[in-house]
Amino acid sequence: MRELMSGDLRFDTVMKSIDVYGRLAFGGQCVAAMMLIAGPLLFLTAAVLPFVLWQDSRNEALLFWLGGWALALIVTLAGAGLGVFAWRWSGDWITEWPGYAVAFGFAAAGNIALAFMLTSAPIPVPASFAIAIGVVFVLGCLVAGHLGGARVLPEQRQRALARRR
């Protein structure tokens, strides 16, 4: 029973829970990166496509133009908000360039897969979004512990445990 109340056990439990939060935060940041990439692409698409498709009907083109810009703005702001929210629980290793590169790489691949599912695959639209976002989130959670800076955590844990003894 004395071991259960020791400071070492509590410290180790806290470190493991931070690791879980860090993994979830990195998955959230991968999804946020998806949104930050998709926003400007929606904006560019909404700026050109309505006037190409609806050359005869300016009112419809204007409606889709404004609606596309509003959607792009909402997606970009939501991505920035999710990224800042998830950043609170991220470790230092996430905020280094390898973490950003991996997150934006997963995000780009997720957006390409989403575009394929929306245009070419016989998958319903809500399922396409759920699959793409879910896979990117899970991949972010799984790879988070294997990024370069994440190896610091076990070393820090061992040093902290040695200092407490």
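Worth pointing out:
- None of Trp54, Trp65 is without any contact (Cβ under 8 Å) to a residue 12 or more places away in the chain and surrounded by 12 or more Cβ atoms within 10 Å (Cβ to Cβ) except Trp54.
- Meets criteria (surrounded by 16 or more Cβ atoms within 10 Å (Cβ to Cβ), among the β-branched types (Val, Ile, Thr) and either at pLDDT below 75 or assigned to a helix (DSSP H, G or I) (or both)) for Ile37: yes
- Among the residues of the range 88-127, the one identified as surrounded by 17 or more Cβ atoms within 10 Å (Cβ to Cβ), modelled with pLDDT under 90 and among the polar types (S, T, N, Q) is Ser90.
- The residue list Thr76, Thr13 contains one member that is modelled with pLDDT of 85 or more and assigned to a helix (DSSP H, G or I), which is Thr76.
The values are calculated or read from the model by the stated rules, or taken from the named source; none is laboratory data. Predicted model only: the values in this text are computed from it and were never measured. Note that each Cβ is placed from the backbone with ideal geometry, even for glycine, and that neighbours are counted across all protein chains shown.
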